[in-house]
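The block underneath contains the structure these notes are about, expressed in structure tokens.
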Amino acid sequence: MCKWKGSAAVCVNENQELLMIQQGLPHEGKRWSVPSGGVETDETFEQCCIREVYEETGYHVEIENELFTKDSEVSTVKYFSVNIIGGQIRLHDPDGLVQSVEWRDPKLVPKEDFQYKEDIEFLQNYVKETVK
């Protein structure tokens, strides 16, 4: 069985806010996460990260560094810190799942509103440590 492969972008602004998207179909409930998505054929994890941020937020980004890899039996997701180099908030999501793009303080997002609850502690700590 082939594992699903994806990338996620972690971007923090000067106000200690995290670039987040709210996604989900109305009947499923909407949840917050960092921009992320699946690696396409002949695409690197880094290229996937850059493309997904643009598609989901409208921002052009560059990779700063790889933060960590979340690995399970069914998937591998690489998390990257990114810097915005252009663009503006605008929905481009070809899948039509992204409902909103916002800069959010991850401490103020209720735990039940996170798409990936296993990311909460990491994201909160990352924001705290990134901007001093």
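The values are calculated or read from the model by the stated rules, or taken from the named source; none is laboratory data. If you're wondering where the values come from, they're calculated on a predicted model, not measured in any experiment. Every residue, glycine among them, receives a Cβ derived from its backbone with ideal geometry; neighbour counts consider all protein chains shown.
The criterion of being assigned to a helix (DSSP H, G or I) and within 14 Å of the chain's Cα centre (by Cα) holds for E118. Selection of the range 49-67 for residues being of a type outside the set (V, I, T) and either touching a residue at least 24 places away in the same chain (Cβ under 8 Å) or in a helix (DSSP H, G or I) (or both) yields C49, R51, E52, Y54, E55, E56, G58, Y59, H60, L67.
Among the residues of the range 68-81, just one is free of Cβ contacts under 8 Å to residues at least 60 places away in the same chain and under 15 Å from C48 (Cα atoms), namely T69.
I'd like the residue in the range 83-108 that is modelled with pLDDT of 90 or more, aliphatic (A, V, I, L, M) and surrounded by 14 or more Cβ atoms within 10 Å (Cβ to Cβ) and, out of all such residues, is nearest to H60 (Cα to Cα). That would be I84.
Quick check on I50: is it of a type in the set (V, I, T), in contact with a strand residue (DSSP E or B) (Cβ under 9 Å, 6 or more places away or on another chain) and within 18 Å of N15 (Cα to Cα)? Criteria not met by I50.
Selection of the range 1-38 for residues being assigned to a loop (DSSP other than H, G, I, E, B) and buried (at least 21 other Cβ atoms within 10 Å of the Cβ) yields C11, V34, P35. When C2 is tested against the conditions (1) more than 15 Å from Y126 (Cβ to Cβ); (2) modelled with pLDDT of 95 or more; (3) hydrophobic (A, V, I, L, M, F, W, C), the lone failure is (2).
Just to be sure, is I120 aliphatic (A, V, I, L, M), surrounded by fewer than 20 Cβ atoms within 10 Å (Cβ to Cβ) and touching a Gly at 6+ places or on another chain (Cβ under 8 Å)? It is false that I120 is aliphatic (A, V, I, L, M), surrounded by fewer than 20 Cβ atoms within 10 Å (Cβ to Cβ) and touching a Gly at 6+ places or on another chain (Cβ under 8 Å).
Does E46 meet the test of being modelled with pLDDT of 95 or more and assigned to a strand (DSSP E or B)? Judged against the criteria, E46 is not a match.
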